[in-house]
Amino acid sequence: MSTKKITVTINGETRSAEVEPRLLLVHFIRENLSLTGTHIGCDTSNCGACTVLLDGRSVKSCTVLAVQADGKNIVTIEGMAQGAQLHPLQEGFKEEHGLQCGFCTPGMIMRAADLLAHNPNPTEEEIRWGISGNLCRCTGYNNIVKAIQYAAEKIRDTGRESIPFTTHHPTETTA
Amino acid sequence: MFCNTPKEISGMGHGMKRKEDARFIQGKGHYVDDIKLPGMLYMDIVRSPYAYAKIKKIDASRALAIPGVLAVITGRDLEKYNLHWMPTLMSDTQMVLPTDTVMYYSQEVCAIIATERYIAADGVAAVEVEYEPMKPIVDPHKSMDPNAPILRPDKGKTDNHIWHWEVGDRNATDRVMANADIVVKEQIYIPRIHVASIETCGCVASFDPVEGKLTMYMTTQAPHAIRTVVALVAGHVGLSEEKIRVVSPDIGGGFGGKVPVYPGYVIAIAASVLIGKPVKWIEDRMENLQADSFARDYHMSCELAANKDGRIQALRIKTLADHGYTDAAANPSKFPAGMFSIVTGSYDYNTAFTEMDAVYTNKAPGGVAYRCSFRVTEAVHAIERMVDVLAMKVGKDPAQLRMENFIKKDQFPYKSALGWEYDSGDYHAALKKAMDIIGYDALRREQAEKRQRGELMGIGISSFTEIVGAGPSRHFDILGIKMFDSCEIRVHPTGKAIARLGTKSQGQGHETTYAQIIAQELGIPAEHIQIEEGDTDTAPYGLGTYASRSTPTAGAAAAIAARKLRDKARKIAAYLLEVSEEDLEWDVNKFFVKGAPEKAKTIQEIVFASYTNHPLGMEAGFEATHYYDPPNLTFPFGSYICVVDIDKETGEIKIRRFVAVDDCGNIINPMIVEGQIHGGLTQGLAPAMFEELIYDEDGNMLNGSLMDYLVPTAVESPKWETDKTITPCPHHPIGAKGVGESPTVGAPPAIANAIVDALSHLGVTHIDIPITPQKVWNILREKGMVETV
Amino acid sequence: MIPQAFDYESPATVGEAIALLQRYGSDAKILSGGHSLIPMMKLRLATPERIIDISGIKGLDYIREEDGFLKIGALAKESALEESALIARKYPLLLDAAKMIADPSVRNRATVGGNLAHGDAANDHPAVMLAYRAEIIATGPRGQRTIPIDEFFLGFFMTALEPDEILTEIRIPIPPAGSGGAYKKMERKVGDYATAATAVQLTVDGNGVCRHIGIGLTNVSAAPMRAQRSEDALRDQRLSDELIKQAAVMAGQDCDPNPDLRGSIEYKRSVVKTLTERAIKTAIERAMNA
Ligand SMILES: Cc1cc2nc3c(=O)[nH]c(=O)nc-3n(C[C@H](O)[C@H](O)[C@H](O)COP(=O)(O)OP(=O)(O)OC[C@H]3O[C@@H](n4cnc5c(N)ncnc54)[C@H](O)[C@@H]3O)c2cc1C
Ligand code: FES
Ligand code: FES
């Protein structure tokens, strides 16, 4: 079977690689690019531990082929802080104790980044539904909700972008 | 709440932000699958599609023909090194790989070693195994049938009985039961469930053929014990204990599931030793759910006797425990059913008897303490359900019945009917507080009105007593190793410290809480105390983190090691200030001369002196170690109240409110304690309404993936409301008790009681968890409340 | 869980994709959002030799009204439905359903076309499109053809698409004034496939008489199904609670569910009845307020 050359922009950097078509995006990110902050927690696309942003939208990278990301913009947890400055979501998770073992945390943060980019002022209910594709076994979710509320407020107050390295958030195309 | 240090020091009682978070929120956690070593190979496992079958043939030729597949390891290969069997933590035996028979669905059959993860997976798909399926035992009630196959002839067994265990006074209990005004009975099943931590299990086994040393990176909650077990199992092939280093990196949730030694670990070690290269094995989620240790699976026949006023007089429980094909629980060895005998609960009566029989079936082995210190969840569910059944029978409000039966505050220390010494408690206060917060009386009025209108609403209480912190060495050991734990503190010349402990955090925040304990005792800012765990080459020996034992054992060890250092500090301060030790008094972070507070030496000055200017005849440096052997267990408790609304047509259940009042003694970090409680509550909700490992009659697991094993999301999980009472533990050096498990233990009966309460006017007394809409609907149909179409 | 190796093509146009389908025949499989296919490939329940990834085809993700239809390009994502002002304004049934499909990250990838082409009665869009009386546009070497939704689902994971055809568009007739719709889904937990669900789209005239009615059911039959008898019972009738209940009971009777982890046959029938009743009532309410 043939391989394919792909080029992606990941956390603002351009990276190319020759990959097997069957390579899952999550493995490409973790193994080929050595960005191990993106995790794997299931085989059936249910847990969300692998969530990254693909062209500004949260996706489960275990259910995307690396070749499908060719030419696209990826942001992972490693791209969220700007230098020493944490992203408001990262801050929120720490301040509100939104994590325990930390295994679900990168996926939660990436999912929440998309949520806040499209709904800067979510209700608690909207946050809970908004992260319903991300499982956390440790926290009971109370503090994850608070962490996202913390970040929402911070983003509103500071005018920071919810999603770094992305200038547009493609939504619907209507003619 | 106890809190007497300033925020800069952040001793006990401060909601200090977690030190470990910096790496986790930036994707810099270091979990086992993040490890990449030069030349590392990958292992993947072929698993059985049958619950019970003879292996006729394993044909690996197609797999071996795949470029990159280096080896296929079978039980026959391991047999040559006598590594095909291993002991379980309960001194039973478990196959590493089978030589002829598979005993449960998804059991390891053989392993592929390949240069890449993807190639290993191709290898798995290419192995052809010929099986001769046999009729498995799935229902534990049938395991003792005369015609049942004998599952463990290898152990010389003639039936499928593993052990019988009993505690209490059988005759006295029988007598009280026979003469009681009221005896209520229920069959209560606690389903087989799974910890399902979001990180699965895995390892990198790295054998260095030159040094003859094995480094084992693995997802283990008990690295030291694992090192010893590996030395015992593989000593005969040259792995002696000083040549084994177990490293437990960051762990993505453990909850008891990462205590046992799974076959995959051992196969990876064997492969690395044989090939001389590092071998990585990371299990899939499906393997994790289907083959790793389960929890619970107790079938309990419960009887509770009382007088006509509802004063409890006796408890009798007979349990059938399904252990799968081997007893791979992780209990202390003298306690095959763990701390199940806490089952008499929070109530004052002196007669009880409980007995249990464990049997083999063709299911995955286990019986791990899933976020519960050894079978406490089962026990608490039994008693808290039975108390509600009794309340219904005598027509009393369940809160009132509890209040009337609670052990009173002034009865502590209290000797329970089954022999435990409860050290402290104030059960009335906790329940009262929960009732006040939730507005209990108003809810009961609302319920009465709703019933008039035909609406279904229920209120459930659980007032549990936990038992954690195993444990005192005269009773508690695992494979003979006593269940102490340890801490070693080194303070550097500039007054900053590193402490190493024998436990291993899996999210509990040890890097923060242990630092706070030491900060409390020594006045060194917690921020400047680095905590290390999980590397057996550096950390002192300990039995690890499970059963809420870290704070009760290693936390105590940290406090006492720090106190040893404070004793030394006193000597140095006396020397520096030229006064006698008795003239000195300690204040937060310094010794000062009584009556002359301006004459003082801070801990930093004292530590510096210990390296630069210590008294003649005193050992230089500032280090101490302590191995803590707890005098007793600790007994956290709490009262939970849950309110549910039920859709009377579909049976759907909505948790409207849930209030949890916990008492875990003195609190080290209130933020972390609260977080532990939230998480435990969701893990208690899970088996109450969603989770159960389901087998069909052929022993196939029907829901072995996260598609069908229903781990609650943020939507199912309600907004938890928490509060506390504080009754310090009298025998723990800092008065703490351990907390992580109380909510997992206390929540299921609160929820089950609420749902049953919503249906109690229809004559319903019990529903087995998980209580699903279908189960509720079945009842509604039986009672004529819904019509079938 | 790793897919078996395959070859990969990413055509830029529908024409190229069809040519590839013709060339590779049954060895090839279309990949759209990938959220049904890739999970099956990871479990090796699907082992295609060649993947033809249509997700890069430009201009096939539209959602617009034109020629009396709401036209949805096959590649429109569930999240686009959710975020569309047009859908929010005029297509409540579609919005209800989109919000209940899987979870937000899945919805960022999953396509409406894929959801239908998969032919899975457990998916939510089939019932929705049955209720809307939608049309499917299939494009193949012989050009385009229109398949009425009633002729699209042929059986268990079987659709009317030919092996060399691609589903390119879904057309929903623009609902006339006085229309409303609703989707009621019961799931074991959020993100799950339905235990059962009912899609209702109806039009009520000024006299409270039901003029158009469509009712589709999810996951209670081998192929996605319409609740025909229930529709007939309501059509051209004044909608009373009693009549609605009767129609709902019919839906419960006419479905053909399997007993499984989601529930027994009796339970699912009962749930269908309840959801149908509730969906009709919500749809009427919305029609009145439209
Ligand atoms: C965790 C999870 C939960 C889910 N829950 C739900 C749910 O609750 N409800 C629900 O409805 N769905 C659910 N889904 C399925 C999801 O909506 C799927 O993505 C959808 O069914 C298929 O769309 P797709 O674009 O991903 O298709 P793909 O997976 O790419 O394709 C599916 C099938 O359709 C074929 N195909 C795709 N597009 C075309 C086309 N244009 N022409 C011809 N053939 C085509 C493919 O060859 C393939 O056989 C869930 C998925 C996941 C992973
Ligand atoms: S790894 Fe679980 S959803 Fe991707
Ligand atoms: S913090 Fe452990 S899974 Fe969420």
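Read-outs: derived from the displayed coordinates by stated rules, not from any lab. This one's a predicted model, so the numbers in the text were calculated from it and none came from an experiment. As a convention, Cβ positions derive from the backbone with ideal geometry for all residues, glycine included, and neighbour counts pool all protein chains shown.
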When ranked by the protection proxy of mean other Cβ atoms within 10 Å per residue, highest first, what sequence do the peptides B:269-282, B:468-481, B:441-454 form?
B:269-282, B:468-481, B:441-454
The distance between the Cα centres of the range B:164-186 and the range C:148-174, in whole Å, is 67 Å
Is there a simple number for the mean count of other chain Cβ atoms within 10 Å of the Cβ of residues in C:54-64, and what is it?
2
Compute the separation of the alpha-carbon centres of the range C:193-253 and the range B:350-402 and state it in Å as a whole number.
47 Å
With charges only on Cβ, +1 for K and R and -1 for D and E, what is the dipole size of the protein assembly as shown about its Cα centre, in debye, rounded to 20?
660 debye
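Summing Lys, Arg as +1 and Asp, Glu as -1, what charge do residues with Cβ under 10 Å from the Cβ of A:A147 carry, A:A147 excluded? Don't skip to the answer; put the middle values down first.
Working: positive: A:K94, A:K146; negative: A:E91, A:E95, A:E96.
After counting each charged neighbour, the total is -1.
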Non-local amide H neighbours of B:D535 (under 5 Å, H modeled in plane, Pro and chain starts lacking H): which ones?
B:S248
Label-to-label distance, nm, for residues given as C:D256 and B:A65 (7 Å Cα→Cβ offset):
4.3 nm
Given Cβ charges of +1 for Lys and Arg and -1 for Asp and Glu, the option among B:A539, B:S505, B:I461 whose Cα lies farthest towards the positive end of the dipole of the range B:421-551 is B:I461
Under the Karplus curve 6.51 cos²θ - 1.76 cosθ + 1.60, θ = phi - 60°, whole-Hz ³J(HN,Hα) for the range B:509-526, x wherever Gly or Pro sits:
x, 4, 4, 9, 5, 5, 4, 5, 4, 5, 4, 4, 7, 10, x, 7, x, 4
Classify chain B: rounded, prolate or oblate, from the alpha-carbon gyration tensor (a ≥ b ≥ c, eigenvalue square roots; a/c under 1.5 rounded; otherwise prolate if a/b is larger than b/c)?
oblate
Of the residues A:C47, A:C138, A:C104, which exhibits the maximal mean-square fluctuation in a Gaussian network model of chain A defined by a 10 Å Cα contact cut-off?
A:C138
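Determine the dipole magnitude for the range A:4-79: charges of +1 sit on the beta-carbon of Lys and Arg, -1 on that of Asp and Glu, nothing else is charged, the reference point is the Cα centre, and the result goes in debye to the nearest 20. Write down the numbers at each step before the final one.
Details: 8 positive and 8 negative charges, 27 e Å.
Its charge dipole is roughly 140 debye.
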Mean other chain Cβ within 10 Å across C:79-92 is 2
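Using 1/(1 + (r/R0)^6) with R0 = 56 angstrom and r between the beta carbons of B:V394 and C:V209, what's the FRET efficiency to the nearest 0.05? Let's see the in-between values first.
Details: r = 58 Å, r/R0 = 1.03.
Here the calculated transfer efficiency is 0.45.
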About the Cα centre of the range C:179-284, what is the dipole size in debye to 20, counting +1 per Lys and Arg Cβ and -1 per Asp and Glu Cβ, all else neutral?
240 debye
Taking H as built 1.01 Å from N, whose amide H comes closer than 5 Å to the amide H of A:V19, not counting residues under 5 places away?
A:K4, A:K5, A:I6
Among B:I517, B:S548, B:V359, pick out the residue whose Cα is farthest towards the positive end of the charge dipole of chain B, where Lys and Arg carry +1 and Asp and Glu carry -1 on C-beta, about the Cα centre.
B:I517
Once you list every other residue whose beta carbon is under 13 Å from the beta carbon of B:D436, what net charge do they have if Lys and Arg are +1 and Asp and Glu are -1?
-1
Here the range B:449-458 yields Karplus 3J(HN,Hα) values (6.51, -1.76, 1.60; θ = phi - 60°; whole Hz; Gly and Pro given as x) of 5, 5, 4, 4, 8, x, 8, 10, 9, x
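Please give the net charge around B:V195, taking every other residue with its beta carbon less than 9 angstrom from that of B:V195, where Lys and Arg add +1 and Asp and Glu add -1. Provide the component values of the computation, followed by the final result.
Numbers: positive: A:R137, B:K258, B:R371; negative: B:D292.
Net charge in that neighbourhood comes out at +2.
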Among B:720-730, B:107-117, B:759-769, the order from most to least packed when residues are scored by Cβ within 10 Å on average:
B:107-117, B:720-730, B:759-769
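Kindly state, as a whole number, the per residue volume in cubic angstrom of the convex hull around the alpha carbon atoms of the protein assembly as shown. Intermediate values should be presented prior to the final figure.
On the way: hull volume 229.8 nm³, N = 1254.
Convex hull volume per residue, Cα atoms: 183 Å³.
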Gyration tensor on Cα atoms of the range C:210-277, a ≥ b ≥ c root eigenvalues, a/c under 1.5 rounded, else prolate if a/b beats b/c, else oblate, says prolate
Length gained when the stretch B:H492-B:D583 is fully extended (0.36 nm per residue, less Cα-Cα span):
30.1 nm
Whichever lysines have a C-alpha closer than 18 Å to that of B:K654, once near sequence neighbours (fewer than 8 apart) are set aside
B:K450, B:K719, B:K775, C:K184, C:K185, C:K189
Normalise the Cα radius of gyration of the range A:61-162 by 2.2 N^0.38 Å (N = residues in it) and let me know the number.
1.06
What's the center-to-center distance, using Cα atoms, between the range B:219-275 and the range B:430-451 in Å?
51 Å
Rounded to a whole number, the mean other protein chain Cβ count within 10 angstrom for residues of B:701-711 is 5
Starting from the amide H of B:R656, placed 1.01 Å from N in the peptide plane, find each other amide H under 5 Å away whose residue is 5 or more places distant or on another chain.
B:V643, B:V644, B:D645
May I ask which residue of C:I87, C:M40, C:L21 lies farthest towards the positive end of the charge dipole of chain C, with charges of +1 (Lys, Arg) and -1 (Asp, Glu) on Cβ and the Cα centre as origin?
C:I87
Mind listing the phi-derived Karplus ³J(HN,Hα) values for the range B:150-157, rounded to whole Hz, using 6.51, -1.76 and 1.60 with θ = phi - 60°, and x for any glycine or proline?
8, 7, 10, x, 4, 9, x, 7
